[in-house]
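Reading through the structure tokens given below for one structure.
The values are calculated or read from the model by the stated rules, or taken from the named source; none is laboratory data. Since the model is a prediction, treat every value here as computed from it, not as a measurement. Virtual Cβ from ideal backbone geometry, glycine too; neighbours counted across all protein chains shown.
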Amino acid sequence: MSVKSSDPTSQDQSDLFTGDGASHKPKQSVQGTPAKAMPAFILGEELADLADHDSRIVVVTADLASANRTVDFRARHPDRFFDFGIAEKNMVTAAAGMAACGHIPFAATFASFLGILCAEQIRTDCAYPNLPVRLVAHHSGISMGFYGTSHHALEDLAMMRTIAGLTVVCAADANALRSILRASLNHPGSIYIRLGRGRDPVVYDAPPADFAFGKAIRLRDGADLTIIATGAEVYPALTASEKLLAQGVTARVIDMHTISPLDKAEIRAAAAETGAILTVEEHNITGGLGSAVAEVLVECDRIPFARHGVPDEFAPIGPPAALYAHYRLDSDGIASRAMELLRRA
Amino acid sequence: MVEDSNPRDLGPRHGRNVSPEFLADRAMFVRTETVRLARIAGAGHYSSTFSAAELFAALYYAHLRINPAEPKWPDRDRFVLSKGHAAIGLYPVLADLGFFDPKLLDQYTRFGSPFGDHPDMKKVLGIDFSSGSLGHGLSVGVGMALAARVQQRGNRVYCMLGDGELAEGQIWEAAMSAAHFRLASLVAIVDRNGLCIDGHTEEVMGIEPLQDRFAGFGWQVSRIDGHDFGQILSTLDNLAPPGRGKPQVIIADTVKGRGVAMMEGVLNWHVGNLESADYDAVMAELGAGLKPAVWEHPT
């Protein structure tokens with residue numbers, strides 16, 4: 001597996017606002033050679049496919065239809081697509097109103113403007129009435145790089161996972177997202193679906209067939225420690241496990257896609273069977289995946305444990321690759337962090 | 001009372017042959033029940049419910065296309081009480097119409113009751129959306145009106161707003177989108193009682209000129225006396241048909257605390273609790289019927 005060429009930290013962001021990525025023609029680089037093909041952002045196409053067979057589905061966004069490819073849904077189901085302009089709170093509450101009339105609305109925008117800006121609308125208008133609103137929060141964490149803190153979302157998991165009854169799930173890649181979207185049609189209540197850039201490197205060759213909310217996926221087994229990752233950190237966690245193998249360390253790797261409700265049994269099993277746990281997330285280590293796992297481990301026998309993520313600070317300015325490297329959230333960083341944990345053990 | 005057995009044959013929206021006397025009696029029922037229930041709770045939003053009493057009565061007894069025998073009827077009109085703190089006056093109406101047993105209200109706000117100060121759609125039949133956080137309701141109405149369009153239904157969505165909550169920015173996001181999407185099926189009703197908690201709206205955070213503001217956002221605007229059944233009903237009867245067109249707002253000038261002289265236009269009665277001597281006096285005053293208002297807000 002080539003790490004550097006497909007690591008999310010090495011991607012540029014030139015497609016952010018046009019959404020004109022690999023789902024269409026490859027872009028030309030400055031030198032005139034075809035740019036590296038990126039995975040397609042499948043959100044709009046997948047929802048359009050599902051909507052062909054499910055009249056409950058409607059899609060709303062807030063002036064980001066190109067960036068999140070909900071334009072692909074609009075092209076096929078124009079009567080079931082509504083762009084609310086830059087008015088996210090109105091969009092989320094209106095989605096709740098549609099859900100109260102029998103629809104399954106998918107509301108998509110940047111994670112910073114969904115989970116953080118609209119936290120109260122999600123809590124009070126979606127989760128409290130237990131309505132089937134699907135909140136698709138893309139460009140999570142620091143994936144927007146130099147756009148800065150206003151466009152980062154390092155707090156949303158902490159905020160969302162304390163909302164009663166709200167399912168919080170992170171997609172590791174396009175196929176994971178497909179499984180999440182499909183499963184969401186038969187899942188009660190509201191769901192916060194957190195994505196990376198939507199064009200994340202491939203973790204799953206096909207949509208995981210046995211996907212279920214609240215049931216973690218064990219991607220690789222190992223005996224020396226367990227790396228529990230979520231969302232865009234699953235891929236670098238996997239590649240980190242290969243680097244560890246070269247050093248004689250075998251790591252179990254878990255895609256903890258659902259942050260709430262958490263798969264506590266899988267965490268307890270990892271603690272008992274591998275004896276050390278490292279959590280990896282592109283989120284403030286306060287309140288996110290690491291904190292959620294810690295809440296389980298504190299009631300288990302003590303084992304070496306570390307939360308790996310962004311410390312309690314606002315990230316500096318820089319390209320995404322530089323930020324992921326700075327916070328050691330790339331595969332090299334994760335591998336070295338795992339070794340530090342094992343030396344502590 | 002709604003007598004229709006077949007909800008699809010409810011007839012014209014204004015077709016319930018109810019007399020003005022009956023509506024006036026039901027508006028007074030809203031007030032007396034509010035006083036009774038607030039005593040159970042030990043506190044209640046009297047005055048902002050009294051200002052909406054005639055609006056509740058006109059909507060629920062003479063206008064809305066609803067059927068208590070089929071509370072989830074998909075083609076029903078929706079009513080979103082964005083000013084959720086007036087739920088204390090809406091619950092008795094829903095009980096009276098047959099959505100649930102009126103005896104349930106005797107446990108209003110007591111532990112485990114479905115009835116809180118702000119309404120919960122999961123617990124109370126007839127409540128179309130949970131509310132309480134001001135500024136959200138009009139967005140809910142936008143979503144419901146869009147759903148009606150997608151599902152090709154002919155219902156309307158009514159949303160009652162307080163005047164104080166018009167300071168919330170989300171209201172104007174919703175107002176903009178309702179006009180953009182041409183949601184003629186969306187009808188906003190502003191209970192313009194003039195007061196929010198800290199004082200007169202124009203002193204706390206001015207919302208006038210309200211007609212111009214809604215018109216500027218692309219709405220069809222009516223302004224009426226919100227205690228006059230003639231004006232309320234004729235405005236409701238003459239709404240443009242649901243479909244594509246301007247959303248419609250009825251700015252109903254009302255008196256906060258209307259019906260109880262000591263509460264009319266008095267700030268302290270936004271939330272209050274009547275002690276027993278006052279309770280009896282207020283009930284007697286309401287029982288004698290509505291007198292001319294002692295206070296009118298300057299708008």
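What to note about this one:
- Boolean, A:Ala107 is aliphatic (A, V, I, L, M), closer than 27 Å to A:Asp156 by Cα, crowded, with 24+ Cβ neighbours inside 10 Å and within 11 Å of chain B (Cβ to nearest Cβ): yes
- Within region A:59-79, the residues that satisfy the criterion of being among the charged types (D, E, K, R) and either closer than 16 Å to B:Ser177 by Cβ or away from chain B (no Cβ under 12 Å) (or both) are A:Asp63, A:Arg69, A:Asp72, A:Arg74, A:Arg76.
- Only a single criterion out of (1) over 22 Å from B:Gly162 (Cα atoms); (2) touching a helix residue (DSSP H, G or I) at 6+ places or on another chain (Cβ under 8 Å) is not satisfied by B:Phe111, namely (2).
- Among the residues of region A:276-303, those identified as closer than 25 Å to A:Leu342 by Cβ and in contact (Cβ under 8 Å) with a residue 60 or more places away in the chain are A:Ala276, A:Leu278, A:Glu281, A:Glu282, A:His283, A:Asn284, A:Thr286, A:Gly288, A:Leu289, A:Ser291, A:Ala292, A:Val293.
- When restricted to residues that are facing chain A (nearest Cβ under 9 Å) and part of a loop (DSSP other than H, G, I, E, B), region B:132-149 contains 4.
- Identity of the residue in region B:169-203, within 13 Å of another protein chain (Cβ to nearest Cβ), part of a helix (DSSP H, G or I) and free of Cβ contacts under 8 Å to residues at least 40 places away in the same chain, that ends up farthest from the chain's Cα centre (by Cα): B:His180
- Residue check for B:Leu286: surrounded by 15 or more Cβ atoms within 10 Å (Cβ to Cβ), modelled with pLDDT of 90 or more and not in a strand (DSSP E or B): yes
- Failed item, numbered, when A:Ala94 is tested on (1) touching a residue at least 60 places away in the same chain (Cβ under 8 Å); (2) within 14 Å of another protein chain (Cβ to nearest Cβ); (3) not β-branched (Val, Ile, Thr): (1)
Residue-wise test of (1) in contact with a Pro (Cβ under 8 Å, 6 or more places away or on another chain); (2) among the acidic types (Asp, Glu); (3) more than 15 Å from A:Ile277 (Cα to Cα); (4) assigned to a helix (DSSP H, G or I).
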site	(1), (2), (3), (4)
A:Arg182	yes, no, yes, yes
A:His187	yes, no, yes, no
A:Arg197	yes, no, yes, no
A:Tyr204	no, no, yes, no
A:Ala209	no, no, yes, no
A:Lys215	no, no, yes, no
A:Ile227	no, no, no, no
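- Entry remark, region A:125-159: residues being of a type in the set (Asp, Glu) and either more than 14 Å from every other protein chain (Cβ to nearest Cβ) or under 12 Å from the mean Cα position of the chain (by Cα) (or both) number 2 in total.
- The set of residues from region A:227-278 being over 23 Å from A:His187 (Cα atoms), of a type in the set (Gly, Ala, Ser) and buried (at least 22 other Cβ atoms within 10 Å of the Cβ) comprises A:Ala229, A:Ala232, A:Ala237, A:Ala240, A:Ser241, A:Ala251, A:Ala270.
- Selection within region B:150-168 - assigned to a helix (DSSP H, G or I) and more than 8 Å from every other protein chain (Cβ to nearest Cβ): B:Gly164, B:Glu165, B:Leu166, B:Ala167
Okay, residues lined up against (1) assigned to a helix (DSSP H, G or I); (2) within 10 Å of the chain's Cα centre (by Cα); (3) within 21 Å of B:Asp25 (Cα to Cα):
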residue: B:Ala57; (1), (2), (3): yes, yes, yes
residue: B:Glu70; (1), (2), (3): no, no, no
residue: B:Trp73; (1), (2), (3): no, no, no
residue: B:Leu90; (1), (2), (3): yes, yes, yes
residue: B:Val93; (1), (2), (3): yes, no, yes
residue: B:Asp96; (1), (2), (3): yes, no, yes
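- Any hit, region A:258-269, residues being within 29 Å of A:Phe146 (Cβ to Cβ) and free of Cβ contacts under 8 Å to residues at least 24 places away in the same chain: no
- Residue within region A:310-323 that is surrounded by 15 or more Cβ atoms within 10 Å (Cβ to Cβ), touching a His at 6+ places or on another chain (Cβ under 7 Å) and closer than 19 Å to A:Ala292 by Cα present: yes
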